[in-house]
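Trainee: What follows is a single structure, and I will ask about it in a moment.
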Amino acid sequence: MRILIGGYRPYEIGIFKPDQKEVTVLKAFIRNKLLEYIDEGAEWFIIQGYTGIELYAAEEIIRLKEAHYDISLGVLMPFHQFDDRYNEMDQALLQKVLAESDFKDYIYKQPYSNPGMFKHINRFLISNTDGALIFFDEEADAKVRFLYNAILEFSGENPYNIERIQFDEINSFIDSGFDN
């Protein structure tokens, strides 16, 4: 089973430093979700390499692999130079994730050229995975909205599992006794 992971960029959820407590909470929550998927038979986790939820998930996948879970990490970057605007720290984290990934490639083997690329990228990701774990609230104005909407459209006509995580679920996780 191949699971696509998508979600908020850090600035979309008020995270501006990697040592904020929210990052620790999100990573713990993501780890719990990953373990649930592993128990259900997930073998591959796929990200595009965007900052925020995707790279937090990648870090947790790498930790689980180091703990001898039999899973793989695929990084399907959207196009060349998609990360040009990343700061130095995010560039270094992406390079670490790429070095630890089991598969990495570009969906488009060229730099960005037009907005239509994103529709094709989303379609490619969805058609090459079995399900998705998406962090997204309907009210939020987030870039992941486009991927989420593409998944909803696809799943209306095809078997595709989607789990959407909203802030209420993360807050319940915190209230249930998460303590870093």
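The values are calculated or read from the model by the stated rules, or taken from the named source; none is laboratory data. Just so it is clear, the structure is predicted and the values come from calculations on it, not from any experiment. No Cβ is skipped: glycine too gets one built from the backbone with ideal geometry, and neighbour counts run over all protein chains shown. Ligands, DNA and RNA are excluded from the accessible area calculation, which covers all protein heavy atoms including side chains. Shrake-Rupley method; radii C 1.70, N 1.55, O 1.52, S 1.80 Å.
Trainee: Listed residues Ala57, Ala42; which is under 15 Å from the mean Cα position of the chain (by Cα), under 19 Å from Ile134 (Cβ atoms) and in a loop (DSSP other than H, G, I, E, B)?
Mentor: On the way: Ala57 fails: in a loop (DSSP other than H, G, I, E, B).
The match here is Ala42.
Trainee: Let me ask something else about it. For Pro111, state whether it is more than 14 Å from the chain's Cα centre (by Cα), over 29 Å from Asp70 (Cβ atoms) and modelled with pLDDT under 95.
Mentor: Numbers: more than 14 Å from the chain's Cα centre (by Cα): yes; over 29 Å from Asp70 (Cβ atoms): yes; modelled with pLDDT under 95: no.
Considered against the rule, which asks whether it is more than 14 Å from the chain's Cα centre (by Cα), over 29 Å from Asp70 (Cβ atoms) and modelled with pLDDT under 95, Pro111 comes out as no.
Trainee: I've got another one for you. Looking at the range 149-172 only, could you name the residues that are open to solvent by 20 Å² or more (accessible area, probe 1.4 Å) and part of a helix (DSSP H, G or I)?
Mentor: Asn149, Ala150, Leu152, Glu153, Phe154, Ser155, Phe167, Asp168, Glu169, Asn171, Ser172
Trainee: Now for a different question. Quick one: in the range 67-126, of everything that is polar (S, T, N, Q) and assigned to a strand (DSSP E or B), which residue is farthest from Tyr56 (Cα to Cα)? Lay out the reasoning, then the answer.
Mentor: Here is the first cut: in the range 67-126, the residues polar (S, T, N, Q) are 72, 81, 87, 91, 95, 101, 110, 113-114, 122.
Those still in the list that are assigned to a strand (DSSP E or B) too: 72, 110.
On the way: Ser72: 15, Gln110: 26 Å.
The qualifying residue farthest from Tyr56 (Cα to Cα) is Gln110.
Trainee: Can you pull out the residues in the range 28-39 that are closer than 16 Å to Ser176 by Cβ and open to solvent by 50 Å² or more (accessible area, probe 1.4 Å)?
Mentor: Step one: of the range 28-39, the residues closer than 16 Å to Ser176 by Cβ are 28-33, 35-36.
Listed by number, the residues that qualify are Arg31, Asn32, Glu36.
Trainee: Return the pairs, sorted by first residue and then second, in which the second residue is assigned to a loop (DSSP other than H, G, I, E, B) and surrounded by 19 or more Cβ atoms within 10 Å (Cβ to Cβ), the first residue lies in the range 32-60 and is touching a residue at least 24 places away in the same chain (Cβ under 8 Å), the beta carbons are less than 6 Å apart, and the residues are 6+ apart or on different chains.
Mentor: Ile46/Thr129; Gly52/Tyr8; Ile53/Gly7; Ile53/Tyr8
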